[in-house]
Amino acid sequence: MQNLEALAIFVRIAEMGSFTRAAESLGIQKGRASNVVRELEAQMGARLLHRSTRSVQLTEDGRGFHARAQALLADAEALSTMFAGSEAPVSGRLRIDLPTEFARSTIVPALPSFLARYPGIELELSSTDRRVDLIGEGMDCVLRIGGIVDETLVARHLGALRMVNAASPAYLSQFGVPRTLDDLLAQGHRMVHYTPTLGSRPFGWEYPTGDTHAMLALPGSVSVNNVQTYHGAGLAGLGLIQARLSSLQPFLASGELVEILPDLPPRSMPVSIVVAHRQNLSRRVRIFVEWLETILAPYLER
């Protein structure tokens, strides 16, 4: 148990990037945290952490040790709770990364019910649209929208998120409501361009053709590189947009946006839960993943 405790202290320091903050979160003295790491490094015969006056970072050896330590702690927790009933109390910290707009529109509004059911769980939510380093940033799991490019990660495919075409009522009153693909050009429609890197070539208007999808070049006066800004531009009547139904549902329900061309949607986006290099998930991670699936179910195509 002492060895597991040392691993838990090391993992918390690595994840928080600070001896002081890690010690405070664990309720121990900073000196004890420092001694634990020194003893671990002496036992391993390797430097695990780079220390500076501003931050603490994993060394290359430390990254590998951190991944194994996380796996061992997860296995230990799974072993200690293997005979616990489904209603047994669950507690502990979960560090999750979610796409920014998806967190705001769909996940965070549903969290009160989750925390009311599992008050012993402490959530640390990261919201970013970049690809996080699961090991280096100490994430328990990540919700990924789009393809999984790193084959070393363990991914559980949940389904695909339905996409919709939409525009504001003010925009449609000016340009008309398109009923066909030809109407987009004939009526002089414009789109809000989304591109991860400003200055790069816009993606265009995506539409289905046979078993695949194609792009139609539509003009537009505004290009953005942020999902929230993209939605805001659509709400402001700056052009047509294509986005996830889960994010636009409140605006469609309120009438701030109107779905158009429902028979010509862009391709659905695959969504997965991703963990790093381990199959044995802690009970609290499994509980969160199962809850997340129920929240996503109304928006997923299987």
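The values are calculated or read from the model by the stated rules, or taken from the named source; none is laboratory data. These figures come from a predicted structure and were not determined experimentally. With ideal geometry, Cβ positions are generated from the backbone for all residues, glycine too; neighbour counts draw on all protein chains shown. Side chains are part of the model used for accessible areas, which takes the heavy atoms of the whole protein and leaves out ligands, DNA and RNA. Shrake-Rupley method; radii C 1.70, N 1.55, O 1.52, S 1.80 Å.
Between I295 and S55, the simple spin-label model (points 7 angstrom out along Cα→Cβ) gives 2.8 nm. In this structure region 222-276 gives 37 Å² per residue of accessible area when probed at 1.4 Å with all protein chains present. In the chain, the longest principal axis of the Cα atoms and the axis of helix 60-80 are about 80 degrees apart. Considering only C-alpha atoms, what is the centroid distance from region 246-268 to region 1-32, in Å? So the two Cα centres are separated by 47 Å. Of the accessible area of region 176-229, computed with a 1.4 Å probe over protein heavy atoms only, carbon and sulfur atoms account for 52 percent. Projected onto the charge dipole of the chain (+1 at Lys/Arg Cβ, -1 at Asp/Glu Cβ, origin at the Cα centre), which of A243, I9, A67 gives the Cα projection farthest towards the positive end? Toward the positive end, the furthest listed residue is I9. Model label sites at S200 and Q29, defined 7 Å from Cα along the beta-carbon direction, differ in position by 5.2 nm.
What does a probe at Q174 reach in region 182-206, counting residues whose amide N is under 18 Å from the point 7 Å along Cα→Cβ? So the set is 184-194.
In a simple Cβ point-charge model (Lys, Arg +1; Asp, Glu -1; nothing else charged), region 225-302 has a dipole of about 540 debye relative to its Cα centre. Protein-only accessible surface at a 1.4 angstrom probe places the residues R32, R144, R179, R130 in the order R179, R130, R32, R144, largest first. The relative contact order of region 183-302, computed from alpha carbon pairs under 8 Å that lie at least 6 residues apart in sequence, is 24 percent. Simple rule: put +1 on each Lys or Arg Cβ and -1 on each Asp or Glu Cβ in the chain, find the dipole, and look at V271, A22, L158; the Cα lying farthest toward the positive end is A22.
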